[in-house]
Amino acid sequence: MKGGLVTTRYATALFELARDKGALAEVGADVEQLARELASGALAPLFDARVAHEDKRKRVDALAAKCQRLTANFLRLLLDKRRLEVLRDLPAAFRRCALAERGAVEGHVESPRPLGQGELAELAVAVKSVLGKEVLLEQRANPELIAGVRVFVENRLLDQSALGRLEGLERRLRLARLS
């Protein structure tokens, strides 16, 4: 899981507070903006130990001025608690909270070739029947698989690759009792 326990706790607290205060859309937009600024490198000085705390405060205050009140207070809290590192993985953790709220999870599928949208949708439906949750799949090509797919969701591996099936068959044969 990306982000770790501390980031997950902070993201969950922000998500639940925003939901309870009816500001989930605004806070979600702020978190998306933070993700864009993180990707561009604009927030890099916040993570630099050589930057003075007061300079970081000025940067956080400037950032908070553009955000919804809950997000602004959250940013200042992270600064005061010296937990600015949480910002690095906050967007992903916040997204997981939003997905969990609607009973969905993220995962990725590895296949030897890129899958079409129809194939990806069918696979998502099949995985939903196994997990009982809506699954948003990101695809990754892995030519080493030769055939089949491997799906990673919620720290679980659903291996339907040719190699995975052969390994499963080998395990069953090794454990089979000879009469």
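Annotations
- The lone criterion from (1) over 25 Å from Glu134 (Cβ atoms); (2) under 24 Å from the mean Cα position of the chain (by Cα) left unmet by Arg57 is number (2).
- Test: Val51 is among the β-branched types (Val, Ile, Thr), surrounded by 13 or more Cβ atoms within 10 Å (Cβ to Cβ) and within 19 Å of the chain's Cα centre (by Cα): no
- From the options Gly41, Gly22, residue that is more than 15 Å from Leu87 (Cα to Cα) and free of Cβ contacts under 8 Å to residues at least 40 places away in the same chain: Gly22
- Failed item in (1) modelled with pLDDT under 90; (2) surrounded by 13 or more Cβ atoms within 10 Å (Cβ to Cβ); (3) more than 30 Å from Val105 (Cβ to Cβ), with Lys56 passing the rest: (1)
- Residue that is under 27 Å from Val135 (Cβ atoms) and surrounded by fewer than 19 Cβ atoms within 10 Å (Cβ to Cβ), where the choices are Leu34, Leu90, Leu77, Leu38: Leu38
- Test: residue in the stretch 7-14 that is touching a residue at least 24 places away in the same chain (Cβ under 8 Å), more than 16 Å from the chain's Cα centre (by Cα) and part of a helix (DSSP H, G or I): no
- Residues located in the stretch 128-138, provided they are surrounded by 13 or more Cβ atoms within 10 Å (Cβ to Cβ) and either not in a strand (DSSP E or B) or not assigned by TED's automatic domain parsing to the domain that holds Arg150 (or both): Lys128, Leu131, Lys133
- Hey, Val109 more than 30 Å from Asp55 (Cα to Cα) and within 20 Å of the chain's Cα centre (by Cα) or not: yes
The values are calculated or read from the model by the stated rules, or taken from the named source; none is laboratory data. Values in this document were obtained by computation on a predicted structure and should not be read as measured data. Note: ideal-geometry Cβ built from the backbone for every residue, glycine included; neighbour counts use all protein chains shown.
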